[in-house]
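What follows is a short report on a single structure.
The values are calculated or read from the model by the stated rules, or taken from the named source; none is laboratory data. Just so you know, these numbers come straight off a predicted model, no measurement behind them. Note: ideal-geometry Cβ built from the backbone for every residue, glycine included; neighbour counts use all protein chains shown. Protein only, heavy atoms only, side chains kept; ligands, DNA and RNA dropped before computing areas. Shrake-Rupley method; radii C 1.70, N 1.55, O 1.52, S 1.80 Å.
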Amino acid sequence: MASNSTMVKEREGAEIVYGSEECHRHSIELLQELGFPKGVLPLQDLVECGRVRETGFVWMKQKAPSEHYFEGTKTLVSYGVEVTAYVEKLKMKKMSGIKSKQMLLWVPITEMSIDDPKGKKIFFKTPMGIGKSFLVTAFMTIQEKEKYLQLQDKEEEEVMIKEN
């Protein structure tokens, strides 16, 4: 656990927002800016969100820990009162506050990234470096998924036209 002075230093110069509505808007904007689907961090009752643009450090605080079951991956995920990460385009690293239930164990998730240029898969990594990838659509909102599938269809049509 980080000491109080380390935590203060990490958050120096941060943009901070408070309140459920404002934090929700802020977290969705952050996910979109980084290239992640809106549903990948379904945090509830957010009370504080912060970001230090200079270092990429972000945090999101909820009123209480929460759990979310992702239907598309058949995975139960636990979110602590505070979720933190260092972010950059298509990557969140040094994450804390997130655990995934694998078999009978809760496994910390320390990194999340989208490597492939088309953004079809999202990769989650544990502290041991072991990871799992899933289709990015498993974490999209209904609206995002519809838009994504329409773009995929359009790209397929363009390829078929070029081939003929």
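Please compute the Kirkwood hydrodynamic radius of the stretch 1-150 from all pairs of different C-alpha atoms, in Å with one decimal.
15.8
Would you please give the FRET efficiency between LEU105 and GLU21, computed as 1/(1 + (r/R0)^6) with r the Cβ-Cβ distance and R0 = 41 Å, to the nearest 0.05?
After rounding to 0.05, the efficiency reads 0.70.
In nm², what is the average projected area of the convex hull enclosing the Cα atoms of the stretch 62-164?
8.2
Find the accessible area per residue for the chain; the probe is 1.4 Å, ligands and nucleic acids are left out, and the unit is Å².
64
How large are Rg and Dmax for the stretch 27-74 when only the alpha carbon atoms are used, in Å?
12.1, 36
Positive end of the dipole of the stretch 36-164, charges at C-beta (+1 Lys, Arg; -1 Asp, Glu), about the Cα centre: which of LEU104, LEU135, LEU43 has its Cα farthest in that direction?
It is LEU104.
Packing-wise, with mean Cβ within 10 Å as the measure, how do 46-59, 121-134 rank, highest first?
46-59, 121-134
Expressed as a whole number of Å, what is the distance separating the alpha-carbon centroids of the stretch 125-143 and the stretch 55-76?
12
How large is the charge dipole for the stretch 78-143, taken about the Cα centre, if only the Cβ atoms of Lys, Arg (+1) and Asp, Glu (-1) carry charge, to the nearest 20 debye?
Values: 11 positive and 5 negative charges, 27 e Å.
So the magnitude is around 140 debye.
Can you tell me the FRET efficiency between LYS9 and LEU90 if r is taken as the Cβ-Cβ distance and R0 is 25 Å, rounded to the nearest 0.05? Show your work: numbers first, answer last.
Values: r = 27 Å, r/R0 = 1.06.
Given R0 = 25 Å and the Cβ-Cβ separation, E is 0.40.
With only Lys, Arg, Asp and Glu charged, each at its Cβ (+1 for the first two, -1 for the last two), find how big the charge dipole of the chain is about the Cα centre; round to the nearest 20 debye.
Details: 24 positive and 25 negative charges, 125 e Å.
For this selection, approximately 600 debye.
Taking the highest mean first, how do the peptides 141-152, 104-115 order by number of other beta carbon atoms within 10 angstrom per residue?
104-115, 141-152
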